[in-house]
Amino acid sequence: MWMLLGFMFILYLGHLYIWAMVVVIQIYMAKELFSLLRRAPEDRFLPGSRLLNWHFYFTAVLFVYGRILSQQLVNTVIYDKFLHRILSAFIKYQMVICYFFYIAGFMWFILSLKKRSYKYQFSQYAWTHMILIVVFAQSSFLVANIFQGIFWFLLPASLIAINDVAAYFFGFFFGKTPLIKLSPKKTWEGFIGASVATVIYAFVFANILGRFQWLTCPRKDLSTSWLQCDPGPLFKPEFHSFPGWIPEWVPSKGISVLPVQWHALCLGLFASIIAPFGGFFASGFKRAFKIKDFGDSIPGHGGVTDRNDCQMVMAVFAYIYHQSFVVPQSYSVEIIMDEIMRSLNLDQQQALHAKLGQILHLRQFGL
Amino acid sequence: MHSENNSSASIPATPTARLRHRRRSNEVNPDAGKANGHLLVNDRNKYKSFLVRAYSTVWMIGGFVLIVYMGHLYITAMVVVIQIFMARELFNLLRKAHEERDLPGFRLLNWHFFFTAMLFVYGRILSQRLVNTVTPDKFLFQLVSSLIKYHMAICYFLYISGFVWFILTLKKKMYKYQFGQYAWTHMILIVVFTQSSFTVASIFEGIFWFLLPASLIVINDIAAYIFGFFFGRTPLIKLSPKKTWEGFIGASVATIISAFVLANFLGRFQWLTCPRKDLSTGWLDCDPGPLFKPESFTLHEWVPLWFPWKEIVVLPVQWHALCLGLFASIIAPFGGFFASGFKRAFKVKDFGDSIPGHGGITDRMDCQMVMAVFAFIYHQSFIVPQSLSVEMIVEQILTNLTLEEQQALYVKLGQIIKERLFGQ
């Protein structure tokens with residue numbers, strides 16, 4: 001219960017704190033997973049292998065968050081000339097810096113290969129890469145979503161939670177037919193009931209959440225102050241009147257729907273049908289490697305990874321969905337012009353103009 | 001006490017050296033005691049093997065030059081073919097036949113992920129060029145534009161369907177094997193596609209940026225072999241007992257010098273230095289940019305009077321080539337060490353047997369892979385003057401606005417800039 005309360009408190013505090021929470025969860029997850037397939041006796045001869053893992057972890061952090069938050073970082077330090085210059089240089093050479101960190105780790109790994117432990121060390125190396133990919137892909141998308149608007153983090157996350165709780169309840173009361181061999185406790189009744197509940201909930205909850213500017217406005221920098229923005233056409237209520245065949249005694253003549261609720265339906269559909277496969281994957285994995293839980297950070301619930309497996313699949317989908325279907329809708333000439341005026345100086349604007357001219361010229365000749 | 005081209009490095013490598021390495025690799029854990037007995041310097045047949053080696057080297061270089069001549073698209077095709085072979089070798093590597101029998105469709109799953117990766121990686125890199133190619137045809141243009149717009153979503157759904165497929169095919173006694181294979185598939189695809197995508201991206205920036213790094217690796221190998229042949233004495237690293245410090249240092253010097261010289265030579269050809277903006281195969285004409293314009297340096301008084309040239313002509317790109325050469329000689333060989341260690345760890349003789357006498361494609365490509373990634377990152381960071389914001393916004397404009405809207409924005413922006421310029 002206090003998990004939920006703590007979560008809501010952090011939401012209230014804002015984007016930066018949510019990001020911090022995600023990072024903390026990520027560190028715990030990585031620690032759990034790193035420890036998981038480590039075998040103590042072999043590790044004794046390999047000093048520094050744990051340090052190597054964290055080196056790669058740090059490199060991944062620099063790379064992923066550097067890319068995602070670069071624009072926000074720049075906007076935050078725009079008033080301090082010195083910091084601004086350092087930061088711009090860092091962003092310009094971010095890829096090289098991260099690459100050199102990675103190569104340093106790579107060379108360190110090769111130089112630390114010991115005669116009898118080749119196979120163990122290579123497996124650990126591959127395992128480290130897989131962990132970092134799994135942990136960072138989803139958390140980076142999560143953070144990117146947060147800065148697009150807490151709505152795009154909160155809605156998917158709560159859909160997963162609702163799906164779990166609803167599946168439990170439906171299974172409790174109606175569960176009879178087993179769903180999949182991997183997770184013997186899940187049932188078809190629970191699955192279908194939860195799906196319906198999740199989709200309905202998505203539709204309704206999107207309406208509620210979409211009314212708060214704190215949740216729907218994107219964060220352009222790393223401040224923690226109150227947000228004020230034009231939320232865009234997605235969050236403007238549209239009135240749909242009921243068709244004629246609805247009987248007279250129904251109190252309202254129509255319902256007002258935020259366009260974003262249709263998107264929420266898609267998110268709900270995914271959360272109920274595909275996201276549970278994240279859970280199946282984790283179950284299968286635990287069975288394959290004969291482990292009971294990923295860790296024991298949370299008493300009674302296993303580790304952080306156990307709680308987050310479906311969330312991870314959902315976070316990736318939410319980001320990709322957002323980028324593919326939500327963002328393009330909210331673009332228009334005015335919005336982009338605004339952004340150009342706001343974030344580019346005169347030289348950059350001219351460069352952009354020249355480049356755009358080139359591309360359009362090329363296109364025009366073709367047509 | 002000598003150096004030898006490890007089975008991992010360059011494309012032109014001779015059969016005999018491979019044979020010698022094959023023989024050694026049969027003893028899976030070669031101990032230090034045996035290393036000295038197989039040094040190239042002490043080998044009696046080394047002159048005969050040298051000739052055989054030179055012959056196949058010439059052959060491979062010839063084929064390679066032909067493809068470079070034919071152009072960007074063909075080089076890309078060559079890279080893709082090499083990639084498919086590499087993936088096939090690596091997929092087969094840790095597969096265990098008897099467990100495979102109960103898992104129909106597993107190989108298909110691997111190729112499904114391969115296809116998804118291909119769509120994702122090449123879609124991103126070649127999207128702009130693809131659009132420029134189909135611009136004349138209105139229908140194709142719209143089709144391609146919408147594909148590009150939803151590119152990420154399409155690739156994601158392909159991946160998720162593979163993921164779901166994987167979970168649905170998990171069989172009771174084989175969980176561990178299947179998960180191992182799944183992780184292995186991901187690692188392979190990452191290794192193969194990262195470097196080949198960077199290679200293709202470099203190619204379309206200008207064949208020079210593919211040719212120079214690739215040939216530096218080749219030169220490094222050949223030079224290491226020759227220096228080891230004549231001077232090699234001190235072993236370099238336990239992982240590759242045949243490599244020596246003399247070979248390593250000699251090759252480094254040779255590589256850096258040849259980087260400087262080769263860059264000058266290659267930089268004179270427009271075919272190599274011009275970027276390719278679409279997917280055609282026609283001749284290229286462009287302004288190569290300040291990097292390829294010769295600058296002359298007058299050599300000062302400290303050059304002795306008898307020195308024939310008073311000044312040398314240097315293309316600015318040659319300084320970049322020095323950096324590439326440095327990396328190729330010092331860091332890239334670690335790709336070879338990694339592959340050697342890997343083969344030792346999993347008790348594998350070679351990655352495959354596509355090339356008779358040489359092992360598989362992966363054996364040839366391991367140092368190339370490390371170099372390709374570095375070359376691309378170097379190019380993006382130091383050579384292309386990139387502005388993060390401008391690029392991002394241009395991309396936003398191109399993917400989210402229709403052609404009419406783009407033109408409207410262009411006109412508007414031009415007006416505003418003109419006003420601001422006159423206002424100043």
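Read-outs throughout are calculated quantities, based only on the coordinates presented, and are distinct from any laboratory measurement. Values in this document were obtained by computation on a predicted structure and should not be read as measured data. With ideal geometry, Cβ positions are generated from the backbone for all residues, glycine too; neighbour counts draw on all protein chains shown.
Once the C-beta distance of A:K220 and B:W59 is scaled by a Förster radius of 41 Å, the resulting FRET efficiency is 0.10 to the nearest 0.05.
Computed about its Cα centre, the charge dipole of chain A is approximately 1460 debye, with only Lys, Arg, Asp and Glu carrying charge at their Cβ.
Classify segment B:139-238: rounded, prolate or oblate, from the alpha-carbon gyration tensor (a ≥ b ≥ c, eigenvalue square roots; a/c under 1.5 rounded; otherwise prolate if a/b is larger than b/c)? Here segment B:139-238 falls in the oblate category. Full extension of the chain between B:L421 and B:W319 yields a length gain of 33.0 nm, computed as 0.36 nm times the residue separation minus the alpha carbon distance.
Ignoring lysines fewer than eight residues from B:K412 along the same chain, the ones with Cα atoms less than 18 angstrom from its Cα are A:K355.
Per the Kirkwood formula applied to alpha carbons, chain A shows a radius of gyration over Rh ratio, Rg over Rh, of 1.02. Between the amide H of A:L179 and those of A:K186, A:T187, A:W188, distances stay under 5 Å, these residues lying 5 or more places away or on another chain, with hydrogens modeled in the peptide plane. Computed from backbone phi, the HN-Hα couplings of segment A:284-289 come to x, 4, 5, 5, 4, 9 Hz, rounded to whole numbers (Karplus: 6.51 cos²θ - 1.76 cosθ + 1.60, θ = phi - 60°; Gly and Pro given as x). Cβ crowding within 10 Å ranks B:S240, B:S258, A:S158 as A:S158, B:S258, B:S240, fewest other Cβ atoms first. Shape annotation for segment A:43-156: C-alpha extents along the principal axes are 55, 39, 18 Å, from largest to smallest.
Modelled spin-label separation between B:R107 and A:D293, with each label point placed 7 Å from Cα along the Cα-to-Cβ direction: 4.3 nm.
Treating r as the C-beta distance of B:I67 and A:K181 and R0 as 60 Å, the FRET efficiency rounds to 0.75.
Cysteine residues of chain A whose Cβ has no partner cysteine Cβ closer than 4.7 Å: A:C98, A:C266, A:C310. Beyond 31 Å between alpha-carbons counts as too far, so tell me which of A:K31/A:K114; A:K186/B:K149; B:K176/B:K349; A:K92/B:K349 fall in that bin. Where the Cα-Cα span goes over 31 Å, the pairs concerned are A:K186/B:K149; A:K92/B:K349.
The loop-placed chymotrypsin sites (Phe, Trp or Tyr not before Pro) in segment A:197-240, going by DSSP, that have at most 13 neighbouring Cβ atoms within 10 Å of their Cβ come out as A:W226. Measuring between their Cα centroids, segment B:121-143 and segment A:163-204 lie 44 Å from each other. Shielding value for A:279-287 is 4, the average number of Cβ atoms from other chains within 10 Å of each residue's Cβ.
Rg and Dmax of segment B:62-220, both derived from C-alpha coordinates alone, stand at 18.6, 56 Å. Put in order of Cβ neighbour count within 10 Å, fewest first, the listed residues B:D221, B:D350 become B:D350, B:D221.
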